[in-house]
1. For region 274-296, which residues satisfy the criterion of being within 19 Å of residue 238 (Cα to Cα) and surrounded by 15 or more Cβ atoms within 10 Å (Cβ to Cβ)?
2. Please go through region 232-247 and pick out each residue that is surrounded by 12 or more Cβ atoms within 10 Å (Cβ to Cβ) and either under 23 Å from residue 314 (Cα atoms) or touching a residue at least 40 places away in the same chain (Cβ under 8 Å) (or both).
3. Being touching a residue at least 24 places away in the same chain (Cβ under 8 Å) and surrounded by fewer than 17 Cβ atoms within 10 Å (Cβ to Cβ) is the filter; apply it to region 260-270 and report the residue that is nearest to residue 75 (Cα to Cα).
4. List every residue pair whose Cβ atoms lie under 8 Å apart, where the two residues are 6 or more positions apart in sequence or sit on different chains, the first residue falls within region 307-322 and is touching a residue at least 60 places away in the same chain (Cβ under 8 Å) and among the charged types (D, E, K, R), and the second residue, located anywhere, is surrounded by 12 or more Cβ atoms within 10 Å (Cβ to Cβ) and assigned to a helix (DSSP H, G or I).
5. State whether the residues of region 157-179 include one that is surrounded by fewer than 20 Cβ atoms within 10 Å (Cβ to Cβ), within 30 Å of residue 93 (Cβ to Cβ) and at pLDDT below 70.
6. Hey, any hits in region 207-227 for a residue that's closer than 12 Å to residue 88 by Cα and free of Cβ contacts under 8 Å to residues at least 12 places away in the same chain?
7. Please state which one of 214, 239 is modelled with pLDDT of 90 or more, β-branched (Val, Ile, Thr) and part of a helix (DSSP H, G or I).
8. So which residues in region 249-259 are loosely packed, with under 15 Cβ neighbours inside 10 Å and of a type outside the set (D, E, K, R)?
Amino acid sequence: MSDISLTASMRTNLLSLQNTQSLMDQTQERLSTGKKVNSAIDNPSSYYTAQSLSNRASDLDSLLDSMGQGIQTIKAANEGIEAITSFVQQAKAVANTARDTSGVAEAKSGTTFTKFDGDVSVTIGNETYTVAVNSTDQSDMQKLTEKIKGDTKVSAALTATGLTLNYDGGVMKVTGTDGKDKVSISIKANDLSFSATIDTDSRATSVDQFNQIVDQINQLANDSSYKGVNLLKGDDLKVIFNEDRSSYIEVKGTDLTAAGLGLKEITNADWGTNQGVDDTITAIEAAVTRLRDVASEFGNNYSIVQTRQDFTENLINVLEEGADDLTLADMNEESANMLALQTRQQLGINSLSLASQAAQSVLQLF
């Protein structure tokens, strides 16, 4: 429009209106977007700084999901440990029951017998031993019991088969104390005859129960995985805490199957003696200690990841607030600006109208 001549006052008013309209356009954009910096043109420094903060917040936000999944993996392992601990304690109860189980048999021939000279026949299992007895040494049941026990070969056989021979309450008693399986013993002398079988097959039931528990421990360890990571079977877990992967924690997995805990399925022969049961109980107690140690370690790792997750959430909020401080518009201020600009625009239009009146007066000449 350079070929059109405007008076100085009209041009001044026109430029003022154009400037007012530009400011109104800018204010309207801020009101519609809520931001005072919408592009690098508005404020390069604020725009790129805010973008950097927002990008970091976005990167950290993506790591929050990984942290959450890491927490769930540790929780799955912890649940497995608690269940396995319950099974191990149950196994100990079964072993204690087996330890307390033994066969008992008593002589039923009474407390007195006819004095005699001669030998006493003692049969233990498949072996028979002869114990020389005379009436001078043997005058009652108690002395006869001591005489038989004192024989070297009989004493060794009793020990080997886990039997104890003693005098108790007026009778000769044989007790199976080491859980031997069906050991027969008989003692014969004149009118005294004693025969018994020590049967400790009741431990077989405990053996089956124990083996069932061992199998359940293995199944639980297998089922304690989360998204393909099983900390109870030796898998490791790495949880990243920052965007450049320089901050992280490695949760070391461990083998908490029955074999990893030092437990195994047993046979009747394994618990054929009390020492065998005692060895199992010792292994169980060691397993419980290890389970508690691993649970404590996993609990510490859980707390670390949880704390870092909370920190990351708070840091994301800080970054986003910082970006907003640089780019968000003050809506109250922008609303006031818009009202002022609208008033200025109206005044400019009125001023332009007044400035054009001088030119309009020329029309009156025609």
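The values are calculated or read from the model by the stated rules, or taken from the named source; none is laboratory data. The model shown is predicted, which means the values in this text are computed figures rather than measured ones. Glycine also receives a Cβ, built like all others from the backbone with ideal geometry; neighbour counts cover every protein chain displayed.
1. Scanning region 274-296 gives 294, 295.
2. 232, 237, 238, 239, 240, 241, 242, 243, 247
3. That would be 262.
4. 308/67; 313/64; 320/53; 320/54; 320/57
5. There is at least one residue in region 157-179 that is surrounded by fewer than 20 Cβ atoms within 10 Å (Cβ to Cβ), within 30 Å of residue 93 (Cβ to Cβ) and at pLDDT below 70.
6. Yes.
7. That would be 214, the only listed residue that is modelled with pLDDT of 90 or more, β-branched (Val, Ile, Thr) and part of a helix (DSSP H, G or I).
8. 259 - this is the single residue of region 249-259 that is loosely packed, with under 15 Cβ neighbours inside 10 Å and of a type outside the set (D, E, K, R).
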